[in-house]
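Trainee: Provided herewith is a single structure, encoded as structure tokens, for subsequent inquiry.
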Amino acid sequence: MQAATRESAMAFYIVLLIYLGIMAFIGWYAGRKTKNLGDFFVLSGKAGMVVSGIAYFSTQFSMGTFLGTPGTIYGVGYAGMAISVPGAVFCMILPAVLVGRKLITLGHTHGFLTMADYLTDRYHTKAMSGVLGVMMLFFLVPMMGAQIIGAGVIVNVFTGLPNWVGVVGMGAIVVIYCMSGGMQGAMMTDVIQGSLMIGTAVITFIVSIVMGGGFENINSTLQSMNEAYLSFPGANGYMPWGFYVSNILLWSFFTIGQPHLFTKFFAMKDHKTMFKAIFLGTAGMFVSATLIEWAGVNGISFVQNIENPDQIVPMILQQGLNPFLAAIFISGIVAAGMSTIDGILVTTTGAVTRDIYQKIINKKATDETVMKMSKVVTVIIGVIVILFGVFQPGSIFEINLFAFSGMAVFVVPILFGMYWKRATAAGAIASALVGVATVLAFTWVPALSGALHGFHALFPATTLGSLTMLIVSSLTQAPPQETIERHFGIFEKSKAE
């Protein structure tokens with residue numbers, strides 16, 4: 001047993017070092033190609049179909065998809081697959097249809113690089129940059145922390161080393177290639193990482209079927225263990241219909257409010273590229289989510305007494321494949337975490353350097369100064385994320401869900417800003433603050449969370465945020481006509497032509 005463990009650890013070290021070395025090289029290469037802020041934050045709006053499609057889905061999918069969600073499903077059964085599979089089908093389609101086309105046009109026309117660029121310009125106030133920047137630091141650092149915790153879980157399963165070793169190692173590599181190449185490095189690595197993620201999902205699913213003795217035997221075993229594994233709402237009543245509906249909307253519609261996904265539209269070359277990327281990205285997301293989550297269900301039948309449910313996928317690969325193959329495909333899970341961290345890290349860096357520093361603190365700061373500052377800020381945020389991962393304040397799924405929910409409230413100012421000319425800055429800021437306060441209240445106060453009857457806190461948060469937007473905007477001065485023309489006139493002219 002010890003020899004097998006040593007062989008597994010050695011294979012893991014070799015494969016992971018090669019993989020991380022390739023990622024670091026890409027970062028160095030991308031750094032040589034990164035000449036300005038446009039390159040650093042959105043690849044100067046030149047990303048094609050393959051890069052756009054794979055980069056979007058690999059940033060959306062994370063350690064939560066490949067470790068946290070299968071780990072949660074391991075205790076629930078088939079009903080747990082509703083956590084993200086239905087949402088995965090629409091998580092790129094809905095944002096593209098509702099905001100993507102407009103964002104590409106606005107981004108290319110006005111030179112927007114971040115979500116704050118858009119919101120600040122639309123609502124004609126620098127205060128939006130400050131509000132969004134602070135919110136991003138509060139919620140996106142934990143989201144990155146959830147990914148890096150997964151690296152610790154993987155290293156522990158394959159080598160027996162403490163979790164912090166994987167946390168520090170993965171964090172350092174991501175910081176290096178993001179600091180060097182910004183979005184160019186992030187999106188180039190995302191193509192490799194996204195491809196690995198699909199391969200890992202397919203192989204893990206196949207291995208889990210073989211280890212479980214086939215579908216018939218797996219289902220028979222699950223039924224003998226607990227019939228609830230085979231039906232809704234799952235073991236322990238985990239997936240009531242309210243929670244089921246919530247998850248579909250959470251992982252599809254509310255992705256509109258995620259800055260690291262929002263920014264991807266600014267990087268796309270044109271509208272045709274976006275629609276082609278939708279098909280590619282949606283296919284990758286649906287296949288990956290379905291198979292990796294199904295593997296978590298299959299694992300219930302042959303892996304018992306697991307110490308940490310987040311370990312189920314690494315354990316399936318470790319026990320079902322030879323060490324080198326297992327290490328290659330486990331790199332796909334590492335890729336899932338790294339692809340999410342890099343997109344968020346670049347976006348969060350932009351929030352600090354452009355949205356807070358250049359637009360509020362030092363309005364005279366040059367782009368060159370911001371570029372240099374971005375590299376330093378990337379390191380500082382990276383260190384904070386690593387510390388978050390070392391102390392691990394919760395499970396991967398719980399942390400990911402909390403962080404995603406916090407940023408999702410920006411759906412209100414984004415959609416109202418695009419479709420209602422009368423939406424004002426005061427209304428947008430008030431709606432975001434009310435939305436976040438509602439999410440926190442319904443998440444942390446047991447009496448309020450119980451009143452939701454399984455529905456997610458984002459439902460009351462979005463409702464109250466929308467009402468706040470309508471009321472406050474109606475009572476405050478309308479945006480300047482120049483702003484309305486910049487954001488609505490461009491589309492009205494194209495329709496007239």
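Condition check ((1) open to solvent by 10 Å² or more (accessible area, probe 1.4 Å); (2) under 20 Å from the mean Cα position of the chain (by Cα); (3) at pLDDT below 85) across all residues:
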| site | (1), (2), (3) |
| --- | --- |
| 40 | no, yes, yes |
| 44 | yes, no, yes |
| 48 | yes, no, yes |
| 60 | yes, yes, yes |
| 63 | no, yes, yes |
| 96 | no, yes, no |
| 99 | no, yes, no |
| 109 | yes, no, no |
| 134 | yes, yes, no |
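Trainee: Only residues that are in contact with a Ser or Thr (Cβ under 6 Å, 6 or more places away or on another chain) and open to solvent by 10 Å² or more (accessible area, probe 1.4 Å): list them for the range 241-267, please.
Mentor: Of everything in the range 241-267, just one residue is in contact with a Ser or Thr (Cβ under 6 Å, 6 or more places away or on another chain) and open to solvent by 10 Å² or more (accessible area, probe 1.4 Å), namely 251.
Trainee: State all residues of the range 215-229 that are surrounded by fewer than 19 Cβ atoms within 10 Å (Cβ to Cβ) and either within 18 Å of residue 289 (Cα to Cα) or not β-branched (Val, Ile, Thr) (or both); if no residue qualifies, say none.
Mentor: Selection gives 215, 216, 217, 219, 220, 223, 224, 225, 226, 227.
Trainee: Same structure again: Please work out which one of (1) at pLDDT 75 or above; (2) touching a Gly at 6+ places or on another chain (Cβ under 7 Å); (3) under 12 Å from residue 16 (Cβ atoms) is the condition residue 330 fails and give its number.
Mentor: (2)
Trainee: Can you work out which of the residues in the range 230-240 that are of a type outside the set (A, V, I, L, M, F, W, C) and at pLDDT 90 or above is surrounded by the most Cβ atoms within 10 Å (Cβ to Cβ)?
Mentor: Once the filter is applied, the top-ranked residue is 234.
Trainee: Follow-up question, since we're still on this one. Name the residue that is least open to solvent (accessible area, probe 1.4 Å), counting only residues in the range 445-493 that are outside any helix (DSSP H, G or I) and over 23 Å from residue 233 (Cα atoms).
Mentor: 479
Trainee: Go through the range 349-390 and count every residue that is in contact (Cβ under 8 Å) with a residue 60 or more places away in the chain, of a type in the set (Asp, Glu) and farther than 17 Å from residue 259 by Cβ.
Mentor: Total meeting the criteria: 1.
Trainee: Additional query: Filter the range 302-327 down to residues that are within 21 Å of residue 398 (Cα to Cα) and in a loop (DSSP other than H, G, I, E, B) and give me whichever is most open to solvent (accessible area, probe 1.4 Å).
Mentor: 307
Trainee: Out of curiosity, is residue 70 over 22 Å from residue 347 (Cα atoms), in contact (Cβ under 8 Å) with a residue 40 or more places away in the chain and open to solvent by 10 Å² or more (accessible area, probe 1.4 Å)?
Mentor: no
Trainee: Now for a separate question. Restricting to the range 268-280, and then to whatever is more than 15 Å from residue 109 (Cβ to Cβ) and of a type outside the set (Val, Ile, Thr), can you tell me which residue is surrounded by the most Cβ atoms within 10 Å (Cβ to Cβ)?
Mentor: 277
Trainee: Another question, then. Could you run through the range 281-301 and say how many residues are open to solvent by 10 Å² or more (accessible area, probe 1.4 Å), under 26 Å from residue 217 (Cα atoms) and in a helix (DSSP H, G or I)?
Mentor: Of the residues in the range 281-301, 5 are open to solvent by 10 Å² or more (accessible area, probe 1.4 Å), under 26 Å from residue 217 (Cα atoms) and in a helix (DSSP H, G or I).
Trainee: What do you reckon, is residue 344 in a helix (DSSP H, G or I), within 30 Å of residue 8 (Cβ to Cβ), open to solvent by less than 20 Å² (accessible area, probe 1.4 Å) and aliphatic (A, V, I, L, M)?
Mentor: no
Trainee: Condition check: closer than 27 Å to residue 477 by Cα, out of contact with any strand residue (DSSP E or B) (no Cβ under 8 Å at 6 or more places or on another chain) and surrounded by fewer than 21 Cβ atoms within 10 Å (Cβ to Cβ). Does residue 121 satisfy that?
Mentor: Yes, satisfied.
The values are calculated or read from the model by the stated rules, or taken from the named source; none is laboratory data. Treat the numbers as computed from the prediction; the structure is a model and nothing was measured. With ideal geometry, Cβ positions are generated from the backbone for all residues, glycine too; neighbour counts draw on all protein chains shown. Note: accessible area is taken over every heavy atom of the protein model, side chains too, but ligands, DNA and RNA are not part of it. Shrake-Rupley method; radii C 1.70, N 1.55, O 1.52, S 1.80 Å.
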